[in-house]
Amino acid sequence: MCGIVGYIGEKNCVNILVEGLKRLEYRGYDSSGIAVIYRNSLKIFKKAGKIIQMESSLPDNLNSKIGIAHTRWATHGEANDINAHPHLSQNNKFSIVHNGIIENYSVLKKKLEAEGYKFKTQTDSEVIAYLIEKNYKDDFEEAFYKALEKLEGAYGIVALCEDNPDFLMVARKGSPLILGVGNDEMFVASDVSAFLGHTKQVVYLDDYEITKIEKNNFKIKDFRLSDIARDVKLLDLDTSASDKGDYSHFMLKEIFEQPESIKRAFAGRLIENFGTAKLGGLNLTPQDLFQIERVGIYACGTSYHAGLVGSYILEELARISAYVEISSEARYKNPLIEKGTIFFAISQSGETADTLFAMREAQRKGAKVLGICNVVVSTIARESNGGVYVHSGPEIAVASTKAFTSQITVLFLYALLMGRMRDVSLQTGKKLINELKMLPEKIQTILNSVDKIDEIAVKYSKLNNYLFLGRGISYPVALEGALKLKEISYRHSEGIAAGEIKHGPIALVDEETPVIFIVPQDNTYDKTISNIEEVKARKGKIISVCFENDQKVKALSDDYIEIPETNSFLSPLLTVIPLQLFAYYTARALGCDIDKPRNLAKSVTVE
Ligand code: F6R
């Protein structure tokens, strides 16, 4: 979603800002812009479309030691040049970039209009610059504080004042901002990747914090303007993952990383001789774990699907009741927090606003919420009461792939841990661990058959509607397969519990409808075969994902993709791989912008 970069220092910041924005491109955006102070005057350049279009509008001699930059993902007002950030105050003295949503902007705008201010954009953000101007009486810092007092909603803001070229003002409430501390230079960004090439020394800002940054100094205050001390941390990040290497897209690279990323998710977390797992980050003693009667899971999108898979494993393997809620629903329904329930907030980015707020609401009511995050030191990771990193490595493609399989791996480990405290025998625990350890190799076998998946995807790519069907633990996999396909190929696709088709969706089936069945040989196998027959009788095109020895399903299918056999609890980690590849090759056949699909953002920091 929207990205912010700011710089103050000794260098010309124009390239630093543009390069920083390019590093944030993966988050999704529809316009971009920069504001700098050039020859004592504020200059703004902004354009709808790709960053390169904005970049080519920059004068060659543009030079500045202070500036702010933004990639916008439109929420209020269409994606055009005018609505792009940075925004200017009416007197052209102040400029701001903003991530988040100002919820009371229309009230503020009306008041300012009544005072004679004339607005230029349709955005909610522009009022911030105008409020700073209105409150300015020779003190930019003071005017910034006063403007913040009026704002309701969520924000990460960086502001620049033409008369004060020595500092930037920054505020965070609900939208992440991180400082980068260099030598005689300071960065601020919504994501460390924007400045990682320059410094690895960072300062994480928390919500309700305001910061004044100068080239050699930063001062953090809370919203009551009391000083806050904060240490500079050294980031230990591998930046090579932000490179596509020989792959044509980040998505394909990330799909191919799964044998390794899954290994990282379980590495060091198995106690093989006890047939169980250890998850130190949970901060729970065996006695605490023993008290848990129920598991609640909050997540969105692909992470929600991982949560659904986890709930099946938790109930069947650990015999512990588990439910999953879409965060945006949970947060507004006054959730019931029952004693004995432990919650998980699952989020690749760790910044998803809906999940963060659902987590806070549950915590406010006294619940313990554990994070399952990928991005280290993200907001959910920091605010949760403990948790587990999935260690997938940076996921750059908007469509989530390797994070999904790592999230399931971590949920499986938690279920194994709980199961071994309940019904699961030592022998079963050991068997499951053995099976888990074989998965990276089995995934590799599927990856070796990409050509066949490519062929099948191309064969059907002219068709418009796809159905994905599965039962039991394969139902969330069907949802995930459909989500992957629709988000990157823009083909209509639905994930359906196979047993539900005769209750309505079968009406969609005709000879132009590919129906993808996920059919591992588990306790739902025979029932799924009946559903295949039902679809076949209506001339639907059957594409199945089945075990390699499954002659029955192969004979029923127009096309099939084989996967190695595995235990039913672990089958989603294999069945989803062909679906990720199917979506990828369909989108490629259709010439779609795979890594940056239209209208989507990598990290959804607004509700
Ligand atoms: C789909 C996708 C989204 C995210 C969702 C939650 O490919 O990427 O559906 O899964 O926006 O994001 P996180 O996991 O960062 O909370």
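Being open to solvent by 20 Å² or more (accessible area, probe 1.4 Å), away from the ligand (no atom under 16 Å from the Cβ) and not assigned by TED's automatic domain parsing to the domain that holds VAL515 narrows it down to one of ARG420, ARG471, so name that one.
On the way: ARG471 fails: not assigned by TED's automatic domain parsing to the domain that holds VAL515.
The conditions single out ARG420.
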Taking the condition under 18 Å from GLN580 (Cα atoms), open to solvent by less than 10 Å² (accessible area, probe 1.4 Å) and not in a strand (DSSP E or B), does SER248 pass?
no
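I'd like to check something: does segment 575-593 contain any residue that is within 16 Å of the ligand (Cβ to nearest atom), free of Cβ contacts under 8 Å to residues at least 24 places away in the same chain and either aliphatic (A, V, I, L, M) or part of a loop (DSSP other than H, G, I, E, B) (or both)? Can you show your working first?
The initial filter retains those residues of segment 575-593 that are within 16 Å of the ligand (Cβ to nearest atom), namely 576-577, 579-584, 586-587, 592-593.
Still in the running and free of Cβ contacts under 8 Å to residues at least 24 places away in the same chain: 593.
Right, trim to either aliphatic (A, V, I, L, M) or part of a loop (DSSP other than H, G, I, E, B) (or both) and you get 593.
Within segment 575-593, one or more residues are within 16 Å of the ligand (Cβ to nearest atom), free of Cβ contacts under 8 Å to residues at least 24 places away in the same chain and either aliphatic (A, V, I, L, M) or part of a loop (DSSP other than H, G, I, E, B) (or both).
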If you go through GLU257, GLU272, the only one that is charged (D, E, K, R) and within 16 Å of the ligand (Cβ to nearest atom) is GLU257
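Would you call ILE262 within 23 Å of the chain's Cα centre (by Cα), more than 16 Å from the ligand (Cβ to nearest atom) and either assigned by TED's automatic domain parsing to the domain that holds ASP423 or surrounded by 13 or more Cβ atoms within 10 Å (Cβ to Cβ) (or both)? Steps first, answer last, please.
Values: within 23 Å of the chain's Cα centre (by Cα): yes; more than 16 Å from the ligand (Cβ to nearest atom): yes; either assigned by TED's automatic domain parsing to the domain that holds ASP423 or surrounded by 13 or more Cβ atoms within 10 Å (Cβ to Cβ) (or both): yes.
Considered against the rule, which asks whether it is within 23 Å of the chain's Cα centre (by Cα), more than 16 Å from the ligand (Cβ to nearest atom) and either assigned by TED's automatic domain parsing to the domain that holds ASP423 or surrounded by 13 or more Cβ atoms within 10 Å (Cβ to Cβ) (or both), ILE262 comes out as yes.
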Every residue in segment 282-328 that is within 16 Å of the ligand (Cβ to nearest atom) and without any contact (Cβ under 8 Å) to a residue 40 or more places away in the chain, please.
VAL324, GLU325, ILE326, SER327
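I'm checking my understanding of the structure. Among residues of segment 268-284 that are outside any loop (DSSP other than H, G, I, E, B) and hydrophobic (A, V, I, L, M, F, W, C), which one is farthest from THR409 (Cα to Cα)? I'd like the intermediate steps shown before the answer.
Within segment 268-284, the subset outside any loop (DSSP other than H, G, I, E, B) is 270-274, 276-277, 280-282.
In the following step, the residues that additionally are hydrophobic (A, V, I, L, M, F, W, C) were identified as 270-271, 274, 277, 282.
On the way: LEU270: 12, ILE271: 15, PHE274: 18, ALA277: 11, LEU282: 15 Å.
Filtering segment 268-284 for residues that are outside any loop (DSSP other than H, G, I, E, B) and hydrophobic (A, V, I, L, M, F, W, C), the one farthest from THR409 (Cα to Cα) comes out as PHE274.
Take the conditions more than 28 Å from SER175 (Cβ to Cβ) and either assigned by TED's automatic domain parsing to the domain that holds PHE569 or among the hydroxyl-bearing types (Ser, Thr, Tyr) (or both) and apply them to TYR323. Does it pass?
For TYR323, the condition - more than 28 Å from SER175 (Cβ to Cβ) and either assigned by TED's automatic domain parsing to the domain that holds PHE569 or among the hydroxyl-bearing types (Ser, Thr, Tyr) (or both) - is met.
Name the residues in segment 353-394 that are assigned to a loop (DSSP other than H, G, I, E, B), away from the ligand (no atom under 14 Å from the Cβ) and either on the phi < 0 side of the Ramachandran plot or among the polar types (S, T, N, Q) (or both), would you? Step through it out loud before you land on a result.
Within segment 353-394, the first condition is being assigned to a loop (DSSP other than H, G, I, E, B), and the residues that meet it are 365-367, 374-378, 384-386, 390-394.
With the extra rule that they be away from the ligand (no atom under 14 Å from the Cβ), the set shrinks to 365-367, 377, 385-386, 391, 393.
Once the filter is applied, which keeps residues that are assigned to a loop (DSSP other than H, G, I, E, B), away from the ligand (no atom under 14 Å from the Cβ) and either on the phi < 0 side of the Ramachandran plot or among the polar types (S, T, N, Q) (or both), segment 353-394 yields LYS365, ALA367, ASN385.
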When residues of segment 172-205 are filtered for being free of Cβ contacts under 8 Å to residues at least 60 places away in the same chain, farther than 12 Å from LEU235 by Cβ and surrounded by fewer than 19 Cβ atoms within 10 Å (Cβ to Cβ), how many remain?
1
With the requirement that a residue be touching a helix residue (DSSP H, G or I) at 6+ places or on another chain (Cβ under 9 Å), of a type in the set (Lys, Arg) and surrounded by 18 or more Cβ atoms within 10 Å (Cβ to Cβ), what does segment 23-64 give you?
ARG23, LYS46, LYS47
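For (1) surrounded by 17 or more Cβ atoms within 10 Å (Cβ to Cβ); (2) closer than 14 Å to ILE456 by Cβ, each residue gets a yes or a no:
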position: GLY504; (1), (2): no, no
position: PRO520; (1), (2): yes, no
position: LEU556; (1), (2): yes, no
position: SER568; (1), (2): yes, no
position: SER571; (1), (2): yes, no
position: LEU579; (1), (2): yes, yes
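Collect the residues in segment 329-352 that are crowded, with 18+ Cβ neighbours inside 10 Å and either more than 9 Å from the ligand (Cβ to nearest atom) or of a type in the set (Asp, Glu) (or both), keeping them in residue-number order. I'd like the intermediate steps shown before the answer.
Of all residues in segment 329-352, those crowded, with 18+ Cβ neighbours inside 10 Å come to 330-331, 335, 341-352.
Across segment 329-352, the qualifying residues are ALA330, ARG331, PRO335, THR341, ILE342, PHE343, PHE344, GLU351.
The values are calculated or read from the model by the stated rules, or taken from the named source; none is laboratory data. For clarity, every value in this text was computed on a predicted model and none was experimentally measured. Positions of Cβ are generated from backbone atoms using ideal geometry, with glycine treated the same way; all protein chains shown enter the neighbour counts. The protein model used for the area step is the full one, side chains on, heavy atoms only, and it has no ligands, DNA or RNA in it. Shrake-Rupley method; radii C 1.70, N 1.55, O 1.52, S 1.80 Å.
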